[in-house]
Amino acid sequence: MKYISTRGEAPVLNFEEVLLTGLARDGGLYLPESWPTFNAEEIRAMRGMSYQQVAFKVMSPYVCSEIPEDDFKDLIEKAYSSFRHDAIVPLSQIGSNEWILELYHGPTLAFKDVALQLLGRLFSYVLNKRREKITIVGATSGDTGSAAIDCVRGSKSADIFMLHPKGRVSDVQRRQMTTVIEDNVHNIALEGDFDNCQALVKALFNDLEFRDQINLSAVNSINWARVMAQIVYYFTAALALGAPDRRVSFSVPTGNFGDVYAGYIAKQMGLPIEQLVVATNVNDILSRTLSSGEYKVGETIPTISPSMDIQVSSNFERLLFNIYDGDGSEIRNLMENLKQAGVFTISDAQLTRAKETFTAMRVSEEETKNTIADVFKTSGHMIDPHTAVGVFAARKIWLDHKIPMVSLSTAHPAKFPEAVNEVTGKHPELPPHMADLFEREEKFDTLANDLATLKSYILENI
Ligand SMILES: *Cc1c(COP(=O)(O)O)cnc(C)c1O
């Protein structure tokens, strides 16, 4: 498979190169040249397969012959052996024809593990083969950080620097990162918000000299391999509910647009997806954009679903590339407007195409809390605030109740115990492997929101 940049001016790469590269050298994001597709018969043949088997089927066309089949199967097996549930991502019913897809049974309790447990193993495999070392620099709104650290901790071929917005992630989220005491793990609390963290990481990638000097790599969802691994669970969930002979809808709590974009790809690959609901909290740039066409960056407001407190959604650029038929110059124009004026506008024809698949909704803090309470009362399931944003939006804009609605449950409720406890009166317990999280020693440094400071910190600690 060949990969091309959304901005049309970076070299064409193969899978291995894309895995190690992260952001394209022209500032764009990499995408496969075309979507592999499955017909109904091929999808039907996946029924009854294990998660790992479906993962192999769905991802193979993207990896092609670059990794031998048996090696790739082995990497998949090992990645998902770290999950605490046999089904890897089980479905639970919370209402009539209404489901949640529990994506939080991995080591750090959020859906990020599904992609990152595989990504870490792909990194080691490829780096060992090439005898290379990389430096991973990432930004986290809370969950990517711990999932990424977990997948490379102790690695001899990677150093990881993880930036989180100081004071804006939950205590559980912070401790999951800062209590990993390893020589190759460097936690940074940045004086700023998530968008500041993400902007610094992008600036490092756009500094081509520095980037080559440290062999920079990405674990954020700008990395194609992460999005690729997330396509799989749309297939397993839809298969369990009757696909390809029945359509299925999904609601996705959204921040950086990586997760819901993986659903869009599943649909392009032939999976019969009816609706894809883009559920946002009050940081609603995506719901505004999908209704008016105007992508306008506002202030980030802290909420009880902090992993979605994002205004600049990186992966939205990938969708733009698709709805503009792969015209890199159009994307360069839009991104230039964004840089100059903090806003761009999608043309009517392209917006209509986006709306064929996506419906978006903004969910308030009040609505989020009420949904946690209501789901607990009516089904006995405790859901976290991010999941609740998705469930609320799903219920509001579910067009046809005969079509099953699956809300992606992106985090374990114990990751956000205050909010859950406040409305259910019950304290969600951390799983046993994390029960002593609050007794462990923490290690991190606080840095100003400044590129030069970050660069020298990285060079000193590498
Ligand atoms: C990262 C995250 C999201 C948002 O996912 P995107 O791919 O960035 O849209 C939602 N919920 C939780 C719990 C997360 O960690």
Check your understanding: In debye, nearest 20: dipole of the chain around its Cα centre with unit charges on the Cβ of K, R (+) and D, E (-)?
Key -> 620
Check your understanding: Once Rh for the range 245-348 is found with the Kirkwood sum over Cα pairs, what is the Stokes-Einstein diffusion coefficient at 10 °C and 1.306 mPa s, in µm²/s?
Key -> 109
Exercise for review: Calculate the tail of P(r) for the range 54-104: the fraction of all Cα-Cα distances greater than 12 Å, expressed in %.
Suggested key: 70
Study note, to complete from the structure: Once E17 and Q53 are pulled to full extension, the length gained, defined as 0.36 nm per residue separation minus their Cα-Cα distance, is 10.5 nm
Check your understanding: Where does the range 202-253 land on Rg/Rh, using Cα atoms and the Kirkwood Rh?
Key -> 1.28
Revision key, fill the gap. In whole angstrom, largest first, the equivalent ellipsoid semi-axes that the Cα gyration tensor gives for the range 148-234 are 19, 18, 16
Review point. Any idea of the accessible area per residue across the chain, 1.4 Å probe, to the nearest Å²?
Key: 37
Study note, to complete from the structure: If the label point sits 7 Å along Cα→Cβ of D348, residues of the range 287-307 with amide N under 16 Å come out as 291-294
Point to revise | 11 Å beta-carbon shell around L451, net charge (K/R +1, D/E -1) | key: 0
Check your understanding: Which percent of Cα-Cα pairs in the chain sits in each 20 Å bin, short to long?
Key -> 26, 63, 11
Point to revise | Overall dimensions of the range 1-147 by Cα: Rg and Dmax, Å | key: 17.0, 53
Point to revise | Evaluated at q = 0.11, 0.12, 0.27 Å⁻¹: base-10 log I(q)/I(0), Debye formula over Cα of the range 1-74 | key: -0.35, -0.41, -1.17
Review point. What is the distance, in nm, between label points placed 7 Å from the Cα along the Cα-to-Cβ direction at K377 and at K156?
Key: 5.8
**Study point:** Loop-located trypsin sites (Lys or Arg not before Pro) in the range 163-263, at most 14 other Cβ atoms within 10 Å (DSSP)
**Key:** R246
Review point. With r defined as the distance between the Cβ atoms of L338 and D445 and R0 fixed at 45 Å, what FRET efficiency is calculated, to the nearest 0.05?
Key: 0.90
**Study point:** Given charges at beta-carbon only (K, R positive; D, E negative), |dipole| of the range 1-125 in Debye
**Key:** 240
Point to revise | Inter-label distance for E132 and E191, nm, one decimal - labels placed 7 Å from Cα along Cα-to-Cβ | key: 3.6
Review point. For I43, what charge total do you get from the other residues with a beta carbon under 14 Å from its beta carbon, if Lys and Arg give +1 and Asp and Glu give -1?
Key: +3
**Study point:** Net charge, E439 excluded, C-beta distance under 15 Å - Lys, Arg +1, Asp, Glu -1
**Key:** 0
Check your understanding: How big, in percent, is the set of alpha carbon pairs in the range 112-186 lying more than 19 Å apart?
Key -> 31
Exercise for review: Could you compute the FRET efficiency for K355 and D207, with r as their C-beta to C-beta distance and R0 at 30 Å, rounded to 0.05?
Suggested key: 0.20
Review point. In the structure shown, do any of K202/K455; K296/K339; K396/K426; K369/K415; K369/K426 have a Cα-Cα gap over 19 Å, and if so which?
Key: K396/K426
Point to revise | Partners for K73 among lysines (Cα-Cα distance below 26 Å; same-chain residues under 8 apart left out) | key: K2, K57, K112, K129, K133, K156, K267
Point to revise | Surface share of carbon and sulfur [accessible, 1.4 angstrom probe, percent] for the chain | key: 46
Review point. Rounded, prolate or oblate: which fits the range 315-462, taking a ≥ b ≥ c as square roots of the Cα gyration tensor eigenvalues, rounded meaning a/c under 1.5, else prolate when a/b beats b/c?
Key: oblate
Check your understanding: Can you give the convex hull volume per residue for the Cα atoms of the range 388-462, as a whole number of Å³?
Key -> 230
Point to revise | For the range 321-398, alpha-carbon Rg and Dmax in angstrom | key: 18.0, 52
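The values are calculated or read from the model by the stated rules, or taken from the named source; none is laboratory data. Every value quoted in this text rests on a predicted model; they were computed, and no experiment measured them. Heads up, the Cβs are rebuilt from the backbone with ideal geometry, glycines too, and the neighbour counts pull from every protein chain shown. Each accessible area value is taken on the protein alone, full model and side chains, heavy atoms only, with ligands, DNA and RNA left out. Shrake-Rupley method; radii C 1.70, N 1.55, O 1.52, S 1.80 Å.
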